[in-house]
Amino acid sequence: MKPKSRVSSPAPEPEWPADQVERRPLAALIPYARNARMHSEAQITQLAASIREWGWTVPVLVDEDGTLIAGHGRVLAGQKLGLETVPVTVARGWSEAKVKAYRIADNKLALNADWDPTLLALEMAELRDIGIAVDLTGFSLVEIDSMLAPDSDPRREWQGMPDYEQDAAKAFRSITVHFDDAEAVADFARLLGVSFTDKTKSIWHPPHAPEPTLGMAYVAEAPAAAE
């Protein structure tokens, strides 16, 4: 008789939080008091628009006590939409240290990715051509206009423009204003009582860190005392 060969059984697959999804009341989810990731009102509005368009696609992650680990922004967007329940997964058996580390990793790892500008522009152009509201992607209209704008040579664009003999007037003082997004630009325009159009704006530069300014503030002069 030939000896029977032993066939080793494959190792069991690990159980992951995403294996089980349940619906929980939104009001029962506990925000983490020390959540370091900030969500502006503008971003919450974007998330709400995304949920309204595509539904809830990624469950939030909570610990066994119901405290949020990942999904704070989506929960705020759900509150904005007036939702009562949302999909939830539970990180069972995680240590406190593992939970703390994942709260940061869930946000930072996504930020470490980058875009292929050529492919991104192609995708945006196709979305625009088929009539999709491209701002649903999270990019501002200013960013989308910039990536879809054709490359131009300033010297070629200037050909045929009139020449002026007088010296260009120099500004008495110039002020650089940094904006986070197109919505902030619109708010600034409303504050000044002006409107920015394609003819009044020139070049939208890529985002960069604001330059440090120290001791620069406007203080109204007090009226002179009557003698």
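The values are calculated or read from the model by the stated rules, or taken from the named source; none is laboratory data. Quick caveat, the model's predicted, so the values are computed rather than measured. Note that we place each Cβ from the backbone using ideal geometry, even for glycine, and neighbour counts take in every protein chain shown. Accessible surface is based on the protein model in full, side chains and every heavy atom, while ligands, DNA and RNA are left aside. Shrake-Rupley method; radii C 1.70, N 1.55, O 1.52, S 1.80 Å.
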* To do: Considering every residue within segment 65-81, establish whether at least one is free of Cβ contacts under 8 Å to residues at least 24 places away in the same chain and within 29 Å of residue 181 (Cα to Cα).
  => yes
* Can you find a residue in segment 95-113 that is within 18 Å of residue 33 (Cα to Cα), touching a strand residue (DSSP E or B) at 6+ places or on another chain (Cβ under 8 Å) and open to solvent by less than 40 Å² (accessible area, probe 1.4 Å)? -> yes
* Any residue at all in segment 34-57 that is surrounded by fewer than 12 Cβ atoms within 10 Å (Cβ to Cβ), modelled with pLDDT of 95 or more and among the polar types (S, T, N, Q)? -> yes
* Asked: Could we say that residue 131 is outside any helix (DSSP H, G or I) and closer than 30 Å to residue 150 by Cα here?
  -> yes
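Select, from 20, 79, the only residue that is touching a Leu at 6+ places or on another chain (Cβ under 9 Å), open to solvent by 50 Å² or more (accessible area, probe 1.4 Å) and among the polar types (S, T, N, Q).
Only one candidate passes the filter, namely 79.
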* Residue selected from segment 124-144 under the condition surrounded by 14 or more Cβ atoms within 10 Å (Cβ to Cβ) and among the charged types (D, E, K, R), by the criterion nearest to residue 50 (Cα to Cα) -> 135
* Asked: Of the numbered conditions (1) in a helix (DSSP H, G or I); (2) at pLDDT 90 or above, residue 156 satisfies every one except a single condition; which is it?
  -> (2)
* Asked: Among strands (runs of 3 or more DSSP E) lying entirely in segment 1-99, which contain 3 or more residues that are more than 25 Å from residue 139 (Cβ to Cβ)?
  -> 22-25, 85-90
